[in-house]
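Heads up: the structure comes next, in structure tokens.
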Amino acid sequence: MKRKGAFLLLMIMITVLLSSCWSKKELTDLAFVSAMGVDKTKGGSYHLTLQIINPGNVAGGIQGGGAQSPPVTIYSASGDNIVEASRRASSRISRKLYYAHANLIVIGERMARENGLNPLMDALDRDPEFRNTSTMVIANHSTAADLVKALTPVDKIPANKVMKTLEFTQRKWGETVKVSLQDVMNGLQSPGGEAVVS
């Protein structure tokens, strides 16, 4: 009888200790980032451009009055580093920036030429929310902000259009290579290896 009582007491304690929502994140409190563009300004600071999904518009919901707004919203901010620029952008949004769904990272050509990719890789690798499977591209003869701000008529989310185009041209033409953040980090870290970014 003592064993049954001790077992029942142990089960009650485990149930009380393990049943909680200490790390809950409400969907209405998150701003889902689908693409991120990073440029270097003339003053030397980082300019971050974020493509944030409007969930109701992607799902086909219509706003009040019958007018449909775009499926994504663009926010941008500048800072001395990526973290500071991200924090400044989050101060303009009523929700917490959520990078786990960021599928596309665009780097401006000027930044890639002048600073290389190492400072950006360090910041992205240290962020626990950022996925290493995100696709990375460099904006050729353009800024990252121009590519992130572009809207597409066919695909609702412009970041998905860029990724599908990369996959299609790689499979059918071999013109581009779809490279993930992890591939770039491995290329930069391997001795004698080089990183290749489309």
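Quick one: plug the Kirkwood hydrodynamic radius of the stretch 63-143 (C-alpha pairs) into Stokes-Einstein at 4 °C, 1.567 mPa s, and report D in µm²/s.
Reported coefficient: 88 µm²/s.
Tabulate in residue order the Karplus-calculated ³J(HN,Hα) for the stretch 157-166, using 6.51 cos²θ - 1.76 cosθ + 1.60 with θ = phi - 60°, rounded to whole Hz; enter x for Gly and Pro.
Residue by residue, the stretch 157-166 yields 9, x, 4, 5, 5, 5, 5, 5, 5, 4 Hz.
With r defined as the distance between the Cβ atoms of Glu129 and Leu10 and R0 fixed at 35 Å, what FRET efficiency is calculated, to the nearest 0.05?
E between Glu129 and Leu10, to the nearest 0.05, is 0.45.
What's the exposure ranking of Leu166, Leu30, Leu147, going from fewest to most Cβ atoms within 10 Å?
Leu30, Leu166, Leu147
Explain nothing, just compute: Karplus ³J(HN,Hα) = 6.51 cos²θ - 1.76 cosθ + 1.60, θ = phi - 60°, for every residue of the stretch 136-153 in order, whole Hz, x for Gly and Pro.
Each residue of the stretch 136-153 in turn: 10, 9, 10, 6, 7, 6, 7, 9, 5, 4, 4, 6, 6, 6, 5, 9, 10, x Hz.
For Thr176, what residues show an amide H to amide H distance below 5 Å, using hydrogens built from the backbone and excluding near sequence neighbours?
Hits under the 5 Å cutoff: Gln170.
How long is the gain from Lys96 to Glu84 if the chain were fully straight, where each residue apart is worth 0.36 nm and the alpha carbon distance is subtracted?
2.9 nm
Take peptides 79-89, 125-135 and line them up by average Cβ neighbours within 10 Å, highest first, as a rough protection proxy.
79-89, 125-135
Arranged by the count of other C-beta atoms within 10 angstrom, fewest first, what order do Val184, Val72 take? Mind dumping the intermediate values first?
Numbers: Val184 21, Val72 24.
Lowest to highest Cβ neighbour count: Val184, Val72.
Calculate for the chain the 222 nm mean residue ellipticity that helices alone would give, adding -39,500 (n - 2.57) per DSSP H run of length 4 or more and normalising by residue count, nearest 500 deg cm²/dmol.
-11000 deg cm²/dmol
Rounded to the nearest whole Å³, what is the per residue volume of the convex hull around the Cα atoms of the stretch 82-198? Walk me through the intermediate numbers first.
Details: hull volume 14.9 nm³, N = 117.
Spelled out: Cα convex hull of the stretch 82-198, divided by residues, is 128 Å³.
Per-residue HN-Hα couplings for the stretch 33-40, Karplus 6.51 cos²θ - 1.76 cosθ + 1.60 at θ = phi - 60°, whole Hz, x for Gly and Pro?
8, 9, 8, 9, x, 10, 10, 10
Quick one: order Glu175, Glu109 by neighbouring beta-carbon count within 10 Å, fewest to most.
Fewest to most other Cβ atoms nearby, the residues stand as Glu175, Glu109.
From the P(r) of the chain, could you give the percentage of C-alpha pairs in the tail past 27 Å?
40
For an R0 of 41 angstrom, estimate the FRET efficiency from the Cβ-Cβ distance between Leu188 and Asp29 and round to the nearest 0.05.
Here the calculated transfer efficiency is 0.70.
Where a number appears in this text, it was derived from the coordinates with a stated rule and is not lab data. Just so we're clear, the structure is a prediction, and the values are computed from it rather than from any experiment. FYI the Cβ positions are ideal-geometry reconstructions off the backbone, even for glycines, and counts take in every protein chain you see.
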